[in-house]
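Asker: Below you'll find the structure I mean.
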Amino acid sequence: MLGGFAVFIGSVLQRVAGTGVGLIVAPILVVALGPSQGVVVANVAACVAGFVLFLSVRKQVDWSRFGRFMPTTILGSIAASALILVLPPAWLQIGIGVVVLCALALSVAMPRLPHRDGRIVLAVTGVVAGFLNTAAGVASPAFVIYARLARWEPKAFVATMQPAFAALGAISVTVKAISGVDFGPVASIPVLAGIVGLATLGLLLGAKIAAHVNGTTVRRLALVLAAVGALAVVIRGISVL
């Protein structure tokens, strides 16, 4: 019940701000299902929501940026899966959360970040996003920080994040399947059907809300969501020490 509500609210926020499913769903599902299976289910939810929303915003996707950062997410995902095998999950989550919070604090403390873009910046963003998504189910902070650096137009950012989250979810699930992670309830057809249905309803409601929200509000909401997600990762790690 709680997990279903999280999927719905996360999908609403994803439609409005371009992020939300991983940030909202992952912490709740980890509490309900444990670190391993919780993040797997969060990856699936983000994949479903990203794909469904992509169908309606595909014309606004910045395919040039997508094509430059997406390949390197695989490297980040592989690195995270390798690190997970040797580092206790709790310490890994705490470390990730602290790094993300520091990065977000820096972006807020510097209202006008230097303009940085290009292949190297995009490649690094992809690696970090892939790492965060596989390790903790939360990839959006990396993209939010990049959007601030690159002065990425909000509508293009929101649209491009959808195929990115769909692909990241699929990559993370695939890497975990190869490494032998137990998928648990996510392998159940009723659970998968529930995730698809709730995500779709949330996206429909989010579309109505998005029509009344301006670009500045979207950027602020994205930053807040990223901070909440990072803090949740830290708390999650501490709770299982």
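The values are calculated or read from the model by the stated rules, or taken from the named source; none is laboratory data. Remember, it's a predicted structure, so these values are computed and weren't measured experimentally. Cβ coordinates were reconstructed from backbone atoms using ideal geometry, including for glycine residues, and neighbour counts include every protein chain displayed. Ligands, DNA and RNA are excluded from the accessible area calculation, which covers all protein heavy atoms including side chains. Shrake-Rupley method; radii C 1.70, N 1.55, O 1.52, S 1.80 Å.
Asker: Suppose R0 equals 25 Å; then what is the FRET efficiency for residue 83 and residue 170 from their Cβ-Cβ distance, rounded to the nearest 0.05? List each step's numbers first, then the result.
Answerer: Details: r = 20 Å, r/R0 = 0.82.
Efficiency, rounded to the nearest 0.05: 0.75.
Asker: Taking the Cα atoms of the chain alone, what are Rg (to one decimal) and Dmax (as a whole number) in Å?
Answerer: 16.2, 48
Asker: Tell me which lysines have Cα within less than 23 Å of residue 176's Cα, excluding those fewer than 8 residues away on the same chain?
Answerer: Answer for residue 176, where 23 Å is the Cα cut-off: none of the lysines qualify.
Asker: Further, regarding this structure: What is the dipole size for the chain, taken about its Cα centre, with +1 at each Lys and Arg Cβ and -1 at each Asp and Glu Cβ, in debye to the nearest 20? Intermediate results must be reported in sequence, preceding the final value.
Answerer: On the way: 16 positive and 4 negative charges, 143 e Å.
The dipole magnitude comes to about 680 debye.
Asker: Could you report the chain's accessible area per residue, 1.4 Å probe, as an integer in Å²? Before the final figure, lay out the partial values.
Answerer: Working: 10740 Å² over 241 residues.
Per residue, the chain has an accessible area of 45 Å².
Asker: Can I ask one more? Give me Rg/Rg_expected for region 38-128, where Rg uses Cα atoms only and Rg_expected = 2.2 N^0.38 Å with N residues.
Answerer: Details: Rg = 15.8 Å, N = 91, 2.2 N^0.38 = 12.2 Å.
Computed over Cα atoms of region 38-128, the ratio equals 1.29.
Asker: Then there is this: Which of the lysines could a cross-linker span from residue 59 if the Cα-Cα distance has to be under 16 Å and same-chain partners fewer than 8 positions apart are dropped?
Answerer: Reachable lysines: 155.
Asker: Which one, 229, 63, 172, is farthest towards the positive end of the dipole of the chain when Lys and Arg carry +1 and Asp and Glu -1 on their Cβ?
Answerer: After comparing all options, I get 63.
Asker: Rounded to a whole number, what is D in µm²/s for region 79-213 from Stokes-Einstein with the Kirkwood radius over alpha-carbon pairs (10 °C, 1.306 mPa s)?
Answerer: Numbers: Rh = 17.0 Å.
Approximately 94 µm²/s, per Stokes-Einstein.
Asker: How much length is gained on full extension from residue 189 to residue 59, taking 0.36 nm per residue of separation minus their Cα-Cα distance? Spell out each step's value before the answer.
Answerer: Details: separation 130, 0.36 × 130 = 46.80 nm, distance 3.14 nm.
Contour length minus the Cα-Cα distance gives 43.7 nm.
Asker: Read phi for every residue in region 134-145 and hand back ³J(HN,Hα) as whole Hz from Karplus 6.51 cos²θ - 1.76 cosθ + 1.60, θ = phi - 60°, with x for Gly and Pro.
Answerer: The phi angles translate into 6, 7, 9, x, 10, 9, 4, x, 4, 6, 4, 5 Hz.
Asker: FRET efficiency for residue 156 and residue 231, Cβ-Cβ distance as r, R0 = 30 Å, nearest 0.05?
Answerer: Working: r = 28 Å, r/R0 = 0.92.
Once rounded, the FRET efficiency stands at 0.60.
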